[in-house]
């Protein structure tokens, strides 16, 4: 029966991932219905705190987008890229990393990719190098961000292991930066020069390469609102980091129950939700961000897709794991304990299937905790969750291919020989190994 249930779980994930959008969540709902009503399995628990934190962060981001803050971030990054066009391969990935780190979502890269492609082409640099590595850098900037859905999910999963946000960031930030640096070097001289690329020459000859379009800069009142909204959001991010760094700053509260006073301390999950919702409110009032525009914005749409997907697939996984916990733990605990890299491999494989770092963490991190894996190991292998690039079907991968009018950023004839494979493998492996080393040194 275990293998039948596992087959249903994998079928829902694979078909839902292929259909895209919210299908991962809705098809998981079908699987959950079969588990509960047909097989009599326990329904498990939806990750309420995780979903609440993600929704709060997405709300703040969406209000910032409605106030023009997202455009301002991209405009600032664009100016930096245009100052040093010949160094685009080295600069663009780190600019992308910083941008995603601050925003906590990969959706920002869709506005930055056309800029990277245009600057590369004008400088005569093969766009594939900067484009492919920027997509990979975005994934690693995401897991390093203290307000990303993936980091929030990991923090919630490790809440019982006496580790906090600062522990995760001390390992993840330097590990991912090491990975991105080596990834950049792996593509810095990849492929023939742009002027010698036959596909680019063919497109030039046929007039396929279109002239780049530059959006007008923000000015006047619109710019002030955009800058202010960015300042509020980044200030909220800074406050989250400070409260994670210094637990003593988190407020205490008192509850009187049955005549007895109970003192508690606000948890990080609750504080993240409160701070982000408050930031959204301040942006709404102070910078006249339109709630209607926020709901219609790309960040809110993408965030809701992520929430529905995580709700469905994590609940389905929770039901499967709850029903088969003894069998699963008994079968793989000794192997993972002896060979910790197997857990990293599991993160990588599942992220390929789910196209979501957060959903992967929500499913597998509790398994690692249940197996008794130490916190330093679970944090150390966190970068292995970036397997989204492996199949060239992820949104940022497809966008990079589309935006590169020269045709150098491409999906190969054999599907897996695409532009993102080399930098993706180099960066993820290097970041994971660095993470394991740092985590064992700092946290063990």
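The values are calculated or read from the model by the stated rules, or taken from the named source; none is laboratory data. Model, not experiment: these values are computed from the prediction. Neighbour counts run over all protein chains shown; Cβ positions are idealised from the backbone, glycine included.
Data table
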{"item": "Verdict on residue 220 being out of contact with any helix residue (DSSP H, G or I) (no Cβ under 7 Å at 6 or more places or on another chain), at positive phi and at pLDDT 85 or above", "result": "yes"}
{"item": "Residue 119 vs. criteria free of Cβ contacts under 8 Å to residues at least 40 places away in the same chain, part of a helix (DSSP H, G or I) and more than 26 Å from residue 204 (Cβ to Cβ)", "result": "no"}
{"item": "Residues of the stretch 109-148 classified as over 19 Å from residue 175 (Cα atoms), surrounded by 24 or more Cβ atoms within 10 Å (Cβ to Cβ) and under 16 Å from the mean Cα position of the chain (by Cα), total", "result": "1"}
{"item": "Checking residue 189 against (1) exposed (fewer than 11 other Cβ atoms within 10 Å of the Cβ); (2) modelled with pLDDT of 85 or more; (3) assigned to a helix (DSSP H, G or I), the condition it does not meet", "result": "(3)"}
{"item": "Residue list for the stretch 399-439, restricted to those being surrounded by fewer than 16 Cβ atoms within 10 Å (Cβ to Cβ) and in contact (Cβ under 8 Å) with a residue 40 or more places away in the chain", "result": "437"}
{"item": "Of residues in the stretch 24-60 being at pLDDT below 85 and not in a helix (DSSP H, G or I), the one nearest to the chain's Cα centre (by Cα)", "result": "47"}
{"item": "Condition check for residue 102: modelled with pLDDT under 80, closer than 28 Å to residue 237 by Cα, assigned to a helix (DSSP H, G or I) and under 17 Å from the mean Cα position of the chain (by Cα)", "result": "yes"}
{"item": "Subset tally (residues that are in contact (Cβ under 8 Å) with a residue 12 or more places away in the chain and more than 29 Å from residue 28 (Cα to Cα)) for the stretch 282-317", "result": "10"}
{"item": "Verdict on residue 374 being more than 21 Å from the chain's Cα centre (by Cα) and closer than 29 Å to residue 45 by Cβ", "result": "yes"}
{"item": "Residue that is surrounded by the fewest Cβ atoms within 10 Å (Cβ to Cβ), among those in the stretch 273-308 that are modelled with pLDDT of 80 or more and farther than 19 Å from residue 230 by Cβ", "result": "292"}
{"item": "1 or more residues more than 27 Å from residue 12 (Cα to Cα) and out of contact with any strand residue (DSSP E or B) (no Cβ under 6 Å at 6 or more places or on another chain): qualifying helices (runs of 4 or more DSSP H) within the stretch 328-444", "result": "375-380, 395-403, 421-442"}
{"item": "Residue list for the stretch 391-421, filter: at positive phi and touching a helix residue (DSSP H, G or I) at 6+ places or on another chain (Cβ under 6 Å)", "result": "407"}
